[in-house]
Amino acid sequence: MDDKESLRVGAAVKKRRRALKLTLAVVASRSGLSVPFLSQVENERARPSKRSLELVAGALETSAAELLAAAEAARTVDVVRAEEHPHAMPEGVRSLVRGRHQLHALEFTGERDAGREFQHRNDELLFVADGAAEVEAEGRAYRLERGDTLYLSGGVRHRWRATEPGTRLLVVAVAEHIEADET
């Protein structure tokens, strides 16, 4: 196993463990490895040996080869050019990430419907690239200008509107299909 594979296998291990709804303690018990070591592997702070990876794979009801293949598939480098529109979106909305990933990013240009309220289960970051916007969250209004960011934790109801013509707002979040938690 080369360094690149061993560094990326943690995400595949964590994904498989969560898909099986197992705790680190259960995987540790099944594999004979320690919870701290498994946590370090999942967070890519430790490199499992071939034998350790085989033990983890057995505990996760898969093979080391499958975990390595999942790690390889997770490696992505993709450029989305300014003129590209990788997904069909309403006018003034552009997806900044192609495909289905843990990160979800959109660019909004121009006026948006200030009356529409949003609530997402995962955290979100709003960044004003150009212009200015007003965001209402938790009953309070926040004025954002070029270069400002606003962080919203998952579950916070909010709405926003551009307050200057030509406003560009970037919204970056953990994708809705991912359950973001501290487990």
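The values are calculated or read from the model by the stated rules, or taken from the named source; none is laboratory data. Only a predicted model underlies this, so the values are computations on that prediction, with no experimental measurement involved. Backbone-built Cβ (ideal geometry, glycine too); neighbour counts: all protein chains shown. SASA here: full protein model, heavy atoms, side chains in, ligands and nucleic acids out. Shrake-Rupley method; radii C 1.70, N 1.55, O 1.52, S 1.80 Å.
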Checklist (1) open to solvent by less than 70 Å² (accessible area, probe 1.4 Å); (2) touching a helix residue (DSSP H, G or I) at 6+ places or on another chain (Cβ under 6 Å) applied to residue 131, failing item: (2)
Sole exception among (1) closer than 24 Å to residue 90 by Cα; (2) surrounded by 12 or more Cβ atoms within 10 Å (Cβ to Cβ) for residue 149, by number: (2)
Restricting the range 25-49 to residues that are hydrophobic (A, V, I, L, M, F, W, C) and out of contact with any helix residue (DSSP H, G or I) (no Cβ under 7 Å at 6 or more places or on another chain), the residue that is nearest to residue 63 (Cα to Cα): 26
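Looking at the range 68-88, can you tell me whether even one residue there is part of a loop (DSSP other than H, G, I, E, B), in contact (Cβ under 8 Å) with a residue 24 or more places away in the chain, closer than 21 Å to residue 22 by Cα and open to solvent by less than 30 Å² (accessible area, probe 1.4 Å)?
Checked the range 68-88: no residue is part of a loop (DSSP other than H, G, I, E, B), in contact (Cβ under 8 Å) with a residue 24 or more places away in the chain, closer than 21 Å to residue 22 by Cα and open to solvent by less than 30 Å² (accessible area, probe 1.4 Å).
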Some residue of the range 144-152 being among the basic types (Lys, Arg), part of a loop (DSSP other than H, G, I, E, B) and free of Cβ contacts under 8 Å to residues at least 24 places away in the same chain: yes
